[in-house]
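Visitor: To start, I am sharing the structure in question, which I have written as structure tokens.
The values are calculated or read from the model by the stated rules, or taken from the named source; none is laboratory data. Everything numeric in this text was worked out from a predicted model, so none of it was measured. Every residue, glycine as well, gets a Cβ built from its backbone with ideal geometry; the counts of neighbours run over all protein chains shown. Please note that ligands, DNA and RNA were not included when accessible areas were found on the heavy atoms of the full protein model with its side chains. Shrake-Rupley method; radii C 1.70, N 1.55, O 1.52, S 1.80 Å.
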Amino acid sequence: AAFADWPDANHAALLERFLALYRRDLGSATVFFPGMAELLDALDARRVRWAIVTNKPGWLTGPLLDALGLSK
């Protein structure tokens, strides 16, 4: 977890601030690895089902997928 080594008294506040900043800029610098957009387009054209696996909580994943145009 973020700030795991900080004293317990600071952990919750730091984590909350970190997540707020992270969400504010979510997707602003996120890019696909080279070739991924083309791969996803090719899978879609062939009607191949694909999924996303992430360690992000759902409340961050949804907005990121929206920002990347992947929410469909």
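Visitor: In Å², and per residue, what accessible area does the chain have when probed at 1.4 Å with the other protein chains present? Please report the intermediate quantities before stating the final value.
Guide: Numbers: 5960 Å² over 72 residues.
Here the per-residue accessible area is 83 Å².
Visitor: Using a 1.4 Å probe on the protein heavy atoms, what percent of the accessible area of the chain belongs to carbon and sulfur? Don't skip to the answer; put the middle values down first.
Guide: On the way: 3460 of 5960 Å².
Heavy-atom surface of the chain belonging to carbon and sulfur, 1.4 Å probe: 58 percent.
Visitor: Further, regarding this structure: Considering the options 40, 67, 18, tell which one lies farthest towards the positive end of the dipole of the chain, charges being +1 on Lys and Arg and -1 on Asp and Glu at the Cβ, about the Cα centre.
Guide: 40
Visitor: Run lengths n ≥ 4 of DSSP H only: what is the helix-derived mean residue ellipticity at 222 nm for the chain, with -39500 (n - 2.57) per run over all residues, to the nearest 500?
Guide: Working: 3 runs with 38 residues, N = 72.
Helix contribution divided over all residues of the chain: -16500 deg cm²/dmol.
Visitor: Ok, one more. Could you work out which residue, out of 58, 35, 27, moves most in a Gaussian network model of the chain, that is, has the largest mean-square fluctuation with Cα springs under 10 Å?
Guide: 35
Visitor: On to the next question. Given Cβ point charges of +1 (Lys, Arg) and -1 (Asp, Glu) and nothing else, what value in debye, to the nearest 20, does the dipole of the stretch 15-67 about its Cα centre take?
Guide: Numbers: 7 positive and 6 negative charges, 34 e Å.
Rounded to the nearest 20 debye, it is 160 debye.
Visitor: Tell me the label-point distance for the pair residue 45, residue 10, using the 7 Å Cα-to-Cβ offset, in nm and rounded to one decimal.
Guide: Each label point is offset 7 Å from its Cα along the Cβ direction, giving 5.3 nm.
Visitor: Just one of [x] 3, 13, 19, 20, 15, 11, 8, 6, 4, 2, 0; [y] 4, 19, 33, 26, 13, 4, 0; [z] 3, 16, 26, 28, 16, 7, 3, 0 is P(r) over Cα pairs in 5 Å bins from 0, in percent as worked out from the coordinates here. Which one is it?
Guide: [x]
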